[in-house]
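Worksheet: the structure to be examined is printed underneath.
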Amino acid sequence: MSRLLGTPTFSCQEITQSCLGTNYNDVRLGTTEEHYIQLKEMYNGCEIVLGNLEITHLQPHHDTSFLKEIQEVDGYVLIAGNLVKTIPLVNLRIIRGKSLYKNSALYISSNFNENKVANGLEELPMRQLKEILHGGVTIAKNNRLCHMDTIKWKDIVHIANDIVIKQSPLPDCPTCDVNCNGSCWGPGPENCQILTKLNCAQECSGRCRGPDPSDCCHSQCAAGCTGPKESDCLACLRFRDGNTCLESCSLTDTYNLKQNLLEGTPKKYSYGSSCVKKCPHNYIVSDSGSCIQSCGIGTYAVRNIVSHYFMQQDKDKKRDWTESVQTSLNNVLKHNTYIITPGKEIYNITSKLDKPKVDAISNKKVCSGTANRMSQLGPVEYHYNYLKKMYQGCAIVLGNLEITHLRDDYDLSFLKDIQEVGGYVIIALNTAKSIPLGNLRIIRGETLYQNAALTIFSNYGVNVTHALEELPMRQLQEIIHGGVLIRNNPKLCNLHTIQWEDIVHSNYNISVQKSSPANCSECDKACSGSCWSLGPDNCQILTKLVCDQTCPGRCRGPKPSDCCDHKCAAGCKGPKETDCLACKLVRDDHDKCLEFCSPLHTLNDVYPMESNRRDSCVIKCPVDYMVTDCGTCVDKCGPGLYMVKEYGVLRCKKCDGPCPEGKTCIGIGYGNLKNTIAVNASNIDDFENCTTVLGSIILQEFSINGDVFTNTTAMDPAKLNIFRSIREITGYLLIQWWPEDYTDLSIFENLEVIRGGPKHSWRYALAVTNVSISSLGLKSLKEVSDGDVTIRSKDLCYADTINWTRILRTNKQRISTVNKNLEECVAEGKICDASCSEDGCWGPGPSQCFSHNRK
């Protein structure tokens, strides 16, 4: 059996509600509140921790309910330095111990306050914990913790010698319930310890659910079971495939370079303790079929044709191999350009993406920025590559610049071109020695983090061996909104010398904790005591405190003739509004700073309309932005306004009385569906009565069948009728699954516009692949604003008759179809109605004509 490779659509959420865990030991990440927020964002809703679970520094007032869903931990569990009364790990079943903390898989220590006897951990109700596969248990120095000494740890741990309990019974601890036989995690019968080993019959090979031989669990079970079969396990000893525990996942396929095909049985890769169809993004497939984050010694990674990385052993042939892959790849996907990039023992084949967005005025590359705060976006390498792709060559960050989790061995030169940031800047949790923001001039602070536009904290590693030492922001001269917060950077030099009052406006707070490491050198003599780093080129440039009192804002020196124009920000190189280093408000296409853009003109070929977009005046708004009456480009109309298209331009118009009927709903990729993979049973009701989808609609196999890993139930196909009201999708429409008894997509028969912002795989606004339909039935579709169209279905007729140039908005958009042969369609009578014009049809009958012949 052979099949073509498909574009991967996998992400971590497709496996389960999993999270990566941490490796900070007992290090606190910033203040106690910042540390708490980081833990809450990491573990809220998480069921399987793929790394270590480190619960530290929680305070008495913290709500710890975000931990209650955790069921499995791959690494170790560390509970230390907490003052909270209880930690509700009530669903934790198994600790695998793939990594250990001081030779222990469970380490509980120092959870009390020496100065305040009233504060400390009193209860740890881990009533479902039944097995630790590797590593021991250490419990010590918990002056208020009850019941841990009553637990029969030999039932949980495999090696009895690895149990160290230095926990004396406390006089005020409640006794175990009479039903617990002296072993409990807390008061009440629900906290009795559940034995799954010590009480088993001799015939049992592992765990059991009772003392009778018929109560034995299957040999592949861990942490107990509900029955004798491999599908009855509470957890799996090795791997889970669906609901079944296995010794190993099925073998991987082999790849045929000559035919661009995968051959063999359907593949399953091992990812943690799960068997998955596809490895997560940026994971590598080893020869044994495991999803891994990095190759071992003597191996390197190369990109497969479309889907995964595969490890190759023969380094001498790697260039020939990758070149042959590139040749095959270009034959299969001619629309993409592929390049071979040499790296450290690695040759990757990577796709060249769409051209970067460019600012309409300055021709500078613009990037969107992020809103992840301190969250790590997957494994460390993936997080780094994500930031690198986002900011490589970027000069203007429209949103927030969040620089986190960067190591000392990373090349950070991709940050050097950044000049302006629209939101806030966070620099946190990095161990890199230097972060090269040498061209950053202005932070606008349109959004703030804890009332600060610039936040720099906790940039150090374990034992402070690696830490941030310099931050040469030598061009930073203005923060328009928001304050500065700098603390807990033990090796960071010189920032305490900066005269922040010159940068920050007077109505915002400045909080700078002096690090004063012993090895910090003083500023160069030319710097007058204020510098970003060593040398005269790192002196702070003052543009406000040194100004003559007649200057309306910034200046370039102390003389009255050095004053900048009042519309300038971050300084200037001359007195005119064209000499500003940045603009306080907006910039026109002549590089002039203005207070507002020129008045709106009638839209025609001679007088194009100018509109505000961020800090620039543009001839026209970006694709799918609307123009308001006051000349501003917005991505959605406000209250009392509705969107209308006039003379080819989208505008927000004031409603004359009640606004036209219509309901805007959040689609995939936005709002509460931002991290959702596809439409499914849990979210399809959100689209009821919706006319406009802000985002995308994605339908994949698990949309209907559900997903055992995320506990998503199956969906009734009849629910798809909810989509009949939709007239507009601002993102893309991706259909990779469709009910077998549905012969067309007429559920979307009222869909008029697909705007393509964003696009699937950075390219497609409409993609229909591998579904069995005979016609499209999209009879109302009149426009695909941006992005390409691909339609591939072996049973599909009619689609190739459509005059797609009437639908695609620009001549740069492309249409790709691979459907049933036209001659076969004609032979089957699947042709357009006689009343249809040459523009084709969406299906049989006159109602499916794109347009009709004029009589």
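The values are calculated or read from the model by the stated rules, or taken from the named source; none is laboratory data. The shown structure was predicted, so the numbers you read here are calculated from the model rather than taken from an experiment. Cβ sites come from the backbone with ideal geometry, for glycine too, and all protein chains shown count toward neighbours. What goes into the accessible areas is simple: the full protein's heavy atoms, side chains included, and nothing from ligands, DNA or RNA. Shrake-Rupley method; radii C 1.70, N 1.55, O 1.52, S 1.80 Å.
What to note about this one:
- The criterion of at least 1 residues that are at pLDDT below 90 and either on the phi > 0 side of the Ramachandran plot or of a type in the set (Val, Ile, Thr) (or both) is met, among strands (runs of 3 or more DSSP E) falling completely within the stretch 753-846, by 764-769, 815-819.
- Members of the stretch 23-49 found to be under 22 Å from residue 273 (Cα atoms), open to solvent by 10 Å² or more (accessible area, probe 1.4 Å) and within 17 Å of the chain's Cα centre (by Cα), listed by number: 42, 44, 45
- Unique residue being under 33 Å from the mean Cα position of the chain (by Cα), polar (S, T, N, Q) and surrounded by 17 or more Cβ atoms within 10 Å (Cβ to Cβ) when the list is 489, 494, 509: 489
- Residue pairs whose Cβ atoms lie under 6 Å apart, sitting 6 or more positions apart in sequence or on different chains, and linking a residue in the stretch 771-791 that is over 16 Å from residue 758 (Cα atoms) to a partner that is open to solvent by less than 10 Å² (accessible area, probe 1.4 Å) and hydroxyl-bearing (Ser, Thr, Tyr), are 771/793; 773/793.
- Scanning the stretch 823-855 for residues that are among the aliphatic types (A, V, I, L, M) and surrounded by 14 or more Cβ atoms within 10 Å (Cβ to Cβ) yields a single hit, 831.
- Residue match in the stretch 748-756 (condition: in contact (Cβ under 8 Å) with a residue 60 or more places away in the chain and either of a type in the set (D, E, K, R) or surrounded by fewer than 20 Cβ atoms within 10 Å (Cβ to Cβ) (or both)): yes
- Selection over the stretch 408-421 of residues that are in a loop (DSSP other than H, G, I, E, B), at pLDDT 90 or above and of a type outside the set (Phe, Trp, Tyr) gives a count of 6.
- Of all the listed residues (656, 615), the sole one being at pLDDT below 70 and under 23 Å from residue 594 (Cα atoms) is 615.
- Taking the stretch 512-535 as the range and being surrounded by 12 or more Cβ atoms within 10 Å (Cβ to Cβ), more than 24 Å from residue 31 (Cβ to Cβ) and of a type in the set (Ser, Thr, Tyr) as the test, the residues that pass are 528, 530, 533.
- Residues that are touching a Ser or Thr at 6+ places or on another chain (Cβ under 8 Å) and open to solvent by 30 Å² or more (accessible area, probe 1.4 Å), drawn from the stretch 199-223: 205, 206, 209, 219
- Among residues of the stretch 796-818 that are open to solvent by less than 40 Å² (accessible area, probe 1.4 Å), those with a beta-carbon under 7 Å from a residue that is assigned to a helix (DSSP H, G or I) at least six positions away or on a different chain give the pairs 797/825.
- Residue in the stretch 9-20 that is modelled with pLDDT under 90 and aliphatic (A, V, I, L, M) present: yes
Yes/no per residue for (1) in a strand (DSSP E or B); (2) touching a helix residue (DSSP H, G or I) at 6+ places or on another chain (Cβ under 9 Å); (3) not hydrophobic (A, V, I, L, M, F, W, C):
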position: 693; (1), (2), (3): yes, yes, no
position: 697; (1), (2), (3): yes, yes, no
position: 714; (1), (2), (3): no, yes, no
position: 734; (1), (2), (3): yes, no, no
position: 747; (1), (2), (3): no, yes, no
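- Checklist (1) touching a residue at least 60 places away in the same chain (Cβ under 8 Å); (2) part of a loop (DSSP other than H, G, I, E, B); (3) open to solvent by less than 10 Å² (accessible area, probe 1.4 Å) applied to residue 128, failing item: (3)
- Tally of residues being farther than 16 Å from residue 126 by Cα, open to solvent by less than 40 Å² (accessible area, probe 1.4 Å) and either without any contact (Cβ under 8 Å) to a residue 60 or more places away in the chain or not in a loop (DSSP other than H, G, I, E, B) (or both) across the stretch 60-79: 2
- Exclusive hit being among the hydroxyl-bearing types (Ser, Thr, Tyr), surrounded by fewer than 13 Cβ atoms within 10 Å (Cβ to Cβ) and at pLDDT 90 or above, set 196, 226: 226
- When residue 693 is tested against (1) within 25 Å of the chain's Cα centre (by Cα); (2) over 30 Å from residue 50 (Cα atoms); (3) surrounded by fewer than 18 Cβ atoms within 10 Å (Cβ to Cβ), exactly one condition is not met: (3).
- Residue check, residue 440 crowded, with 23+ Cβ neighbours inside 10 Å and at pLDDT 95 or above: yes
- Those residues of the stretch 86-107 which are closer than 21 Å to residue 38 by Cβ and not aromatic (Phe, Trp, Tyr), in sequence order: 86, 87, 88, 89, 92, 99
- In this entry, residue 103 passes the filter for residues that are surrounded by fewer than 16 Cβ atoms within 10 Å (Cβ to Cβ) and farther than 21 Å from residue 192 by Cα.
- All strands (runs of 3 or more DSSP E) inside the stretch 211-250 with 3 or more residues being in contact (Cβ under 8 Å) with a residue 60 or more places away in the chain, among the small types (Gly, Ala, Ser) and within 22 Å of residue 134 (Cβ to Cβ): 221-225
- Condition met for residue 680 (part of a loop (DSSP other than H, G, I, E, B), surrounded by 18 or more Cβ atoms within 10 Å (Cβ to Cβ) and not acidic (Asp, Glu)): yes
- Criterion (without any contact (Cβ under 8 Å) to a residue 24 or more places away in the chain, of a type in the set (Phe, Trp, Tyr) and buried (at least 19 other Cβ atoms within 10 Å of the Cβ)) met by exactly one of 153, 185: 153
Conditions tested, residue by residue: (1) under 18 Å from the mean Cα position of the chain (by Cα); (2) at pLDDT 80 or above; (3) surrounded by 17 or more Cβ atoms within 10 Å (Cβ to Cβ); (4) in a loop (DSSP other than H, G, I, E, B).
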| residue | (1), (2), (3), (4) |
| --- | --- |
| 355 | no, no, no, yes |
| 361 | no, no, yes, yes |
| 372 | yes, no, no, yes |
| 376 | yes, no, yes, yes |
| 387 | yes, yes, yes, no |
| 390 | yes, yes, no, no |
| 394 | no, yes, yes, yes |
| 403 | yes, yes, yes, no |
| 406 | yes, yes, yes, yes |
